[in-house]
Amino acid sequence: MKIVKFESWWVKRDQCLFDEKRRGGGKMPWDVVVIKLTTDTGIEGIATAMAARSGQVTESYLCDTVAPMVMGRSPYDREKIFYDFWNLDRHEAFFPVFLPGSVDVALWDICAKAAGLPLYQYIGAYRESLPVYASSLFYDTVEAYVNEALYYRDKGIPFYKAHPPGPYEFDMEIHQKLREAVGPDMGLMTDPVGEYSLDEAITVGRHLEKLNYLWFEEPFRDFELYKYQELCKTLDIPIAATETTRGAHWGVAQVISERAADIVRADVSWKCGITGTLKIAHLADSFGLRCEIHTTTMTYMDIVNLHVSCAIRNCRFFEYFVPEESFQFPMKGQLPIDDHGIITVPKTPGIGAELDWELIERNCVSYKVLTL
């Protein structure tokens, strides 16, 4: 079995999900590039790639640089292809962090379908479901966070993670009001995607400990290892990091070796696919650390995240980026979450999710195809 066709659809949606502060003054249409790899046996592997800043950049990398490397190769050669990506990256490709993962996911999808197994079983199943936590966008007011947490609590979601916008004093107010509003029983986390100083992070962390938050995520840039190391030594609340750490498992290994995180993060978009995410999860497990899988910001790829989460032991939650409809595009249907906040992995062969091909065709800016 070998790859004989590589197709891509640049799909526009013109829905910016960030405020001006995070948009940087330019357009941020949050487009998606859909890829489909087809084998000589007719099996298709499908994935999506982020194109939040520039669909043209994502499309060009995939079609001009990535596709030629996988054409004609067996989808079973995933490990070799993974390392070939890194070799290519080092020799002047310098991929955006979210690019190699989409191709790796498509390869795994093909192989699971060929085996007639749902992806999590093809990887090696550990569980079939996980509790979810609703994970916010950035909002301007305390009330927006409180109202959202209460809304999802009433829908049966027992956990909520805020992305407070800063500065740290305002973030602390959000943390306080959230706990007061939801009471002691709802699990809370926070991820300021921060630029805190070390002393500010210690102040916030001590406050979070009093409020019984489950973890404190990304108060610094991921490369600020000294600050993370000091924070982990100083606080009792678990510190989560490595969400944007470059270098897949190699990058995360440096963080673990420096004891600069209590929980590591990975996902199939930003950490070189299923192959890279599994390497990180197993590495963390070797040190007795959790690997909490991070949202891809694309519901279809979050289904892939779910499969991976159900194939590893050291993941406790599924990150449910809300409002869901903002990230569903262009997948058909919603995430399989029940009234008790439990998500269950699909049981059909492969990924087990379906894209809306009529929507894709209707919003397609550019379609490209490469064949042998």
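The values are calculated or read from the model by the stated rules, or taken from the named source; none is laboratory data. These figures come from a predicted structure and were not determined experimentally. We place every Cβ from the backbone using ideal geometry, glycine too, and count neighbours over all the protein chains shown. Protein only, heavy atoms only, side chains kept; ligands, DNA and RNA dropped before computing areas. Shrake-Rupley method; radii C 1.70, N 1.55, O 1.52, S 1.80 Å.
A few points about this structure:
- Equivalent ellipsoid dimensions for region 321-372 as semi-axes, Å, which come from the Cα gyration tensor, largest first: 27, 16, 8
- Listed residues 194, 101, 25, most fluctuating in the chain (Gaussian network, C-alpha, under 10 Å): 25
- Once you divide the Cα radius of gyration of region 283-372 by 2.2 N^0.38 Å, the number left is 1.29.
- Most fluctuating residue given options 81, 303, 280, as computed from a GNM of the chain linking Cα atoms under 10 Å: 81
- The chain - mean residue ellipticity at 222 nm from DSSP helices (-39,500 (n - 2.57) per run, n ≥ 4, rounded to 500): -11000 deg cm²/dmol
- Calculated log₁₀ intensity ratio I(q)/I(0) where the Debye formula runs over C-alpha points of region 167-273, q = 0.10, 0.16, 0.20, 0.22 Å⁻¹: -0.28, -0.68, -0.98, -1.13
- Cross-link pairs beyond the 32 Å C-alpha cut-off, checked among 155/210; 161/332; 227/332; 21/347; 27/80; 5/347: 227/332; 21/347; 27/80
- Counting only protein heavy atoms and a probe of 1.4 Å, the accessible surface of the chain is 50% carbon and sulfur.
- All aspartates and glutamates inside 16 Å of residue 12 as judged from Cα atoms, apart from same-chain residues fewer than 8 positions distant: 31, 59, 325, 356, 358, 361
- Take every Cα pair under 8 Å whose residues are at least 6 apart in sequence, average their separation, divide by the length of region 210-365, and the relative contact order is 15 percent.
- Gaussian network model of the chain, springs between alpha carbon atoms under 10 Å - residue of 181, 353, 241 with greatest fluctuation: 181
- In terms of its alpha-carbon gyration tensor, region 77-195 comes out oblate; a/c meets the 1.5 threshold, while b/c is at least as large as a/b.
- What the Cα atoms of region 1-62 give is an Rg and a Dmax of 14.7, 48 Å.
- Å² per residue, accessible surface of the chain at 1.4 Å: 40
- For the chain, the relative contact order comes to 21 percent (Cα pairs under 8 Å, sequence separation of at least 6).
- Among 215-224, 324-333, 354-363, the order from most to least packed when residues are scored by Cβ within 10 Å on average: 215-224, 324-333, 354-363
- For region 226-372, a simple Cβ point-charge model (Lys and Arg +1, Asp and Glu -1, everything else neutral) yields a dipole of about 620 debye relative to the Cα centre.
- Shape category assigned to region 32-92 from the gyration tensor of Cα positions, a/c cut at 1.5: oblate
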